[in-house]
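Here is the structure we will look at, set down as structure tokens.
Nothing in this text is a laboratory measurement; each read-out follows from the coordinates by a stated rule. Just so we're clear, the structure is a prediction, and the values are computed from it rather than from any experiment. So basically every Cβ, Gly included, is an ideal-geometry build from the backbone, and we count neighbours across all protein chains shown.
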């Protein structure tokens, strides 16, 4: 068994690699820009990055913005569209000379937080990504749960629970997946900005809206209160199905502090239980959770 684990996080703008010791301590970390829309250049960049950070033949765990189709063995559902339809794991094994394990980046995030992060003491951990899109990953007993369709945790493309016609939640905004009213269309960063703009004609990003709400801006506070209640409904649905010990938030919106105090206040209304013991937690490893989780793909 190798004395180190190596993880790679393949993002839309950067490729990051980390080397961890067997206890999870960080030995080295490095990043390079992601070649835009160029599959062959992406494979080369990953290969060169790995060579620069480690000279052994240690297997690699790689988090990607998509997943491998069990039917074809090719990448599907990738935001980086140049990966779609490609045998990325096989190409990287040839290029690097190492064994490869690929997983969705949300799965890697959840695994990192379940192994030695905010959910380290929990048997069931669900990781939610709130950013440009909305995704998730499920980890049980420190192992990523993978189903036959390779879509476990694609929570953002369920409908928003208990929709309110008076708040414009039915049929809901159009989603790029072809349906309407998906959770992602209400809880992503762009969705939060759109909701605020529709009421106020103010074009602000999610961080600006949150900051203004904290500073006493009433309109921003209304927008945030609606967002909090929607996130509570959506996450209550997860609790009713999975009953996780902890839900960990990741992505840019995970930095909004009010989510951790306010969302759980709504859970008793929607969770089918006399008490709600599930915790809502920020990520212990922050933006590094994705690449660390990729490293933990190898036991």
Below 8 Å between Cα atoms, with a sequence gap of 6+, how large is the relative contact order for the chain in percent?
20
Modelled label-to-label distance, residue 30 and residue 162, 7 Å Cα→beta-carbon offset: nm?
5.1
Per-residue [θ]222 nm for the chain (sum of -39500 (n - 2.57) over DSSP H runs n ≥ 4, rounded to 500)
-11000 deg cm²/dmol
Pop the C-beta distance of residue 14 and residue 179 into the FRET formula with R0 = 30 Å and round what comes out to the nearest 0.05.
0.45
Rounded, prolate or oblate: which fits the stretch 54-132, taking a ≥ b ≥ c as square roots of the Cα gyration tensor eigenvalues, rounded meaning a/c under 1.5, else prolate when a/b beats b/c?
oblate
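How much FRET efficiency would the formula 1/(1 + (r/R0)^6) give for residue 275 and residue 93, where r is the Cβ-Cβ distance and R0 is 41 Å, rounded to 0.05? Don't skip to the answer; put the middle values down first.
Working: r = 48 Å, r/R0 = 1.18.
Step by step, r from the Cβ atoms, then E = 0.25.
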For an R0 of 22 angstrom, estimate the FRET efficiency from the Cβ-Cβ distance between residue 121 and residue 258 and round to the nearest 0.05.
0.30
Here the gain from full extension of residue 21 to residue 241, 0.36 nm per residue of separation minus their alpha-carbon distance, amounts to 75.7 nm
Using a ≥ b ≥ c from the Cα gyration tensor of the stretch 183-299 (square roots of the eigenvalues), is it rounded, prolate or oblate, where a/c under 1.5 gives rounded and otherwise the larger of a/b and b/c decides, a/b for prolate?
oblate
Considering only the chain, what is the antiparallel percent among its DSSP beta bridges, to the nearest 5?
60
Cα gyration tensor category, rounded, prolate or oblate, for the stretch 1-156 with a/c compared to 1.5:
oblate
Percent RCO, i.e. relative contact order, over the stretch 121-283, from Cα pairs under 8 Å lying at least 6 residues apart:
24
Can you tell me the length gained on complete extension of the stretch residue 197 to residue 52, counting 0.36 nm per residue apart and subtracting the Cα distance?
47.6 nm
